Every structure is written in structure tokens, then in C-alpha cells.
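The values are calculated or read from the model by the stated rules, or taken from the named source; none is laboratory data. Nothing here was measured: the structure is a model prediction, and the numbers come from that model. Cβ placement follows ideal geometry from the backbone for every residue including glycine, while neighbour counts extend to all protein chains displayed.
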Ligand SMILES: Cc1ncc(COP(=O)(O)O)c(C=O)c1O
């Protein structure tokens with residue numbers, strides 16, 4: 001606290017990201033990163049761009065990347081916005097599109113950055129409880145609001161909402177923006193990007209941090225009607241002209257061009273998720289069906305927080321949220337098969353030795 005802070009800063013409760021400990025040989029299953037490295041073609045391209053040209057500013061519009069993403073999703077470049085991680089894209093969307101006179105709606109259990117953006121931009125919001133099974137029931141959203149946002153699959157539950165439900169929502173709420181945050185869509189869901197030409201109120205946000213193993217270069221993007229994209233550009237150009245550096249622009253472009261590597265790593269993660277789900281079920285865990293690169297689990301006999309602490313003693317970190325409704329759950333990122341074997345063995349030994 002300081003007398004020099006603005007009144008707004010006094011009121012903020014910032015987001016707390018999952019920790020990035022500086023410990024060697026850690027099994028890090030806490031922030032939903034990809035356990036596989038970026039495509040070798042991406043690394044080669046980043047190296048190729050690391051030269052004298054770094055003395056120049058990058059292209060403020062990231063045109064080559066927008067064109068690549070537009071082609072990938074069969075859209076036009078003016079239907080694509082890119083930003084410094086999807087967190088930045090989301091932040092601009094809150095300010096440019098979701099800040100309205102009526103409150104924004106999102107699930108009670110969801111990405112915890114959403115209420116933080118509302119705080120930053122002084123927006124009203126209302127949370128809509130997930131069903132008892134942690135599902136989004138779109139009927140619960142049929143009320144007065146200034147917009148709707150949810151991740152699909154949801155985080156931290158991993159549950160997927162079917163595309164036909166999203167389409168129903170878009171039809172029923174044609175006069176407001178529905179933002180679908182698809183950070184984890186590539187691990188088993190069907191993207192709503194195919195609906196963009198039909199629904200001018202739809203904004204889809206994706207990231208290269210998860211399915212494309214590029215959390216370290218911070219690239220996210222939005223797909224939507226050119227009017228929605230223009231709103232985002234207006235905010236971006238009032239905030240930072242160069243959100244993507246040269247290495248990010250070309251590295252991200254190369255990631256979209258290596259479809260085979262992308263498919264292979266996504267499939268490996270999906271298969272490991274199935275194996276881990278079976279192993280944990282055999283240990284008596286309840287597992288929420290997941291279409292993401294993490295699973296959300298609870299055990300009837302062992303408190304989640306205690307399990308997380310015991311795992312940490314063995315240098316394995318998972319995410320525990322001390323929040324209502326989910327404080328008996330652990331969110332476990334899908335690692336490599338080797339990491340998940342070690343994780344399962346550690347969990348088994350903890351359970352066997354805990355009274
Ligand atoms: C639902 C959801 N949206 C967005 C993000 C932000 O991803 P990034 O800023 O790395 O693109 C995350 C990251 O964990 C997430 O879980």
C-alpha cells in the first residue's frame with residue numbers, strides 16, 4: 001500500500017498464476033503447459049529470425065501471422081486478431097466488447113482471470129453456478145446481461161460444451177457478444193471457429209501456449225466478425241503497437257505450418273490422458289470427463305490439499321484451488337507418459353501409507 005497508488009490500484013486483487021519453481025528434476029503438472037518441446041521447425045525459424053533485423057521494430061500488425069492463422073481456419077485476415085498470449089487478447093476483449101451497461105456472465109467455477117479483468121476495467125459481473133456435475137447449462141444464461149464468456153473446455157474442470165449448445169446460445173443472445181475461450185480446444189473438442197461466418201456476435205479466443213508448446217513466446221489470437229476484430233485493434237493500438245515481437249510472429253507462423261507435429265503431440269497427450277484416467281480410477285478417484293490437457297479429480301477418502309502437499313515432498317506439483325465447491329479437487333496437467341507413470345506411482349504410495 002502506498003499513498004502514491006491510484007484509487008483503482010488500491011482496489012485490485014491481481015491474478016496469481018501457477019508457480020514456476022526454480023527446482024531441478026521437478027515433475028511440473030500445475031500450469032497446463034505442454035510436456036513436449038515446440039516443433040523443431042519452430043525452433044529453426046526462431047533461430048533464423050535471431051539476427052540483425054532484431055534492431056528494427058516488428059510488424060505492428062503481425063500480417064504474416066494473421067494470414068497464416070486466417071488460412072488455417074478458412075477465414076479472412078480481417079477476422080483475426082493476435083496478441084501477447086491469449087490473456088492479453090482476453091483483456092482487450094473485456095475492455096473493447098464485454099464492458100457494457102449490464103453485467104457480464106460467466107460460470108462460478110472457471111478461469112480465475114475473468115473476475116480480475118472485471119476489477120481492472122471496473123465491470124460488473126454475475127457468476128452462473130455450474131450444475132452439480134460441473135456442467136455449463138446454457139438455459140441458466142438466458143437472462144439480462146452485457147455479454148457471456150466461458151472457456152470450452154472449461155477450466156479447471158476440463159468439461160466440454162457441445163457445439164450445438166454454443167450455437168443455441170449464439171442464437172438466443174444475438175444482441176450481445178459470446179466469447180468462447182478455446183485455450184484447450186485442440187485436446188478433444190470441436191472449435192466454434194466454424195460458426196464465425198454465421199454469427200457476428202461470436203468471438204473465439206485461442207492460444208499457442210498449450211497445444212502448440214509455445215507458452216514461452218506468448219502468442220494468442222481471436223477469431224470473429226471484422227467489426228469485433230476492429231474493436232480489439234482499436235484497444236490494442238491505444239495500448240501497445242507491438243505486442244508481438246519478431247520471434248513470436250515467425251515462431252507462431254511456423255507452428256501453424258507444422259500440422260503433422262501438432263497432430264502427433266496432441267494425440268500423445270490425449271492417449272496419456274486416457275491412461276492416467278484409468279489408473280486414477282483404479283485408485284478410487286472420481287474424475288471429471290476431460291477434453292483438455294489436464295484432469296480434475298477428487299478422492300472420497302483423501303483430502304486434496306493433503307495429497308498435493310505429499311506429492312510436493314516428492315517434487316511433483318499439481319494445482320490445488322482452495323475455493324468453494326472445488327477444494328476437494330486437484331487439477332493435474334497431462335505430462336509425458338514417463339512423468340505420469342512417476343506421478344501415478346507416487347500417488348499410489350501416498351495413498352497406501354496414509355491412514
Ligand atoms: C482458460 C484459459 N484461458 C486463457 C489462458 C491464457 O493462456 P495464454 O495467456 O498463455 O495464452 C489460460 C492459461 O492457463 C487458460 O487456462
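Would you point out which residue out of 83, 51 is assigned by TED's automatic domain parsing to the domain that holds residue 212 and within 16 Å of the ligand (Cβ to nearest atom)? Only one candidate qualifies: 83. Selection of helices (runs of 4 or more DSSP H) fully inside the range 235-326 by the criterion of at least 1 residues being touching a residue at least 60 places away in the same chain (Cβ under 8 Å) returns 246-257, 259-282.
Cβ-Cβ contacts under 8 Å between residues 6 or more apart (or on different chains), taken from a first residue in the range 13-26 that is farther than 23 Å from residue 115 by Cβ to a second residue that is assigned to a loop (DSSP other than H, G, I, E, B) and more than 16 Å from the ligand (Cβ to nearest atom), are listed as 23/315; 25/315; 26/315.
Residue check: is residue 111 near the ligand (Cβ under 9 Å from one of its atoms), surrounded by fewer than 24 Cβ atoms within 10 Å (Cβ to Cβ) and touching a residue at least 24 places away in the same chain (Cβ under 8 Å)? Yes, satisfied. The single condition among (1) surrounded by fewer than 24 Cβ atoms within 10 Å (Cβ to Cβ); (2) under 12 Å from the mean Cα position of the chain (by Cα) that residue 217 does not meet is (2).
Residue 126: closer than 27 Å to residue 294 by Cα and more than 16 Å from the chain's Cα centre (by Cα), yes or no? Judged against the criteria, residue 126 is a match.
Taken as a whole, the range 126-137 holds no residue that is assigned to a helix (DSSP H, G or I) and either crowded, with 17+ Cβ neighbours inside 10 Å or at pLDDT 95 or above (or both). Residues in the range 44-62 that are closer than 19 Å to residue 258 by Cα and either out of contact with any helix residue (DSSP H, G or I) (no Cβ under 8 Å at 6 or more places or on another chain) or free of Cβ contacts under 8 Å to residues at least 24 places away in the same chain (or both): 47 alone. With the structure loaded, tell me whether residue 167 is outside the structural domain of residue 292 (by TED's automatic domain parsing), more than 15 Å from the ligand (Cβ to nearest atom) and either surrounded by 24 or more Cβ atoms within 10 Å (Cβ to Cβ) or not in a helix (DSSP H, G or I) (or both) or whether it fails that test. Criteria not met by residue 167.
Filtered by the rule that a residue be touching a residue at least 40 places away in the same chain (Cβ under 8 Å), within 20 Å of residue 266 (Cβ to Cβ) and in contact with a strand residue (DSSP E or B) (Cβ under 9 Å, 6 or more places away or on another chain), the range 154-176 gives 154, 155, 156, 157, 158, 159. Looking across the range 186-209 at every residue that is surrounded by 23 or more Cβ atoms within 10 Å (Cβ to Cβ) and part of a helix (DSSP H, G or I), the one that is nearest to the ligand (Cβ to nearest atom) is identified as 187. With respect to residue 179, determine if the residue is assigned to a strand (DSSP E or B), within 16 Å of the ligand (Cβ to nearest atom), within 21 Å of residue 70 (Cα to Cα) and in contact (Cβ under 8 Å) with a residue 12 or more places away in the chain. The answer is yes for residue 179. Being within 9 Å of the ligand (Cβ to nearest atom), assigned by TED's automatic domain parsing to the domain that holds residue 147 and either touching a residue at least 40 places away in the same chain (Cβ under 8 Å) or in contact with a helix residue (DSSP H, G or I) (Cβ under 8 Å, 6 or more places away or on another chain) (or both) narrows it down to one of 212, 218, so name that one. Checking each option against the conditions leaves just 218. From the list 90, 160, pick out the single residue that is within 16 Å of the ligand (Cβ to nearest atom) and part of a helix (DSSP H, G or I). Only one candidate qualifies: 90.
Checking each residue in the range 28-66 for being part of a helix (DSSP H, G or I), crowded, with 21+ Cβ neighbours inside 10 Å and either within 24 Å of the chain's Cα centre (by Cα) or at pLDDT below 95 (or both) picks out 42, 65, 66.
Across the range 1-19, the number of residues qualifying as out of contact with any strand residue (DSSP E or B) (no Cβ under 8 Å at 6 or more places or on another chain) and within 15 Å of the ligand (Cβ to nearest atom) comes to 4. Can you work out which of the residues in the range 221-234 that are away from the ligand (no atom under 16 Å from the Cβ) and part of a helix (DSSP H, G or I) is surrounded by the fewest Cβ atoms within 10 Å (Cβ to Cβ)? Out of the qualifying residues, it is 227.
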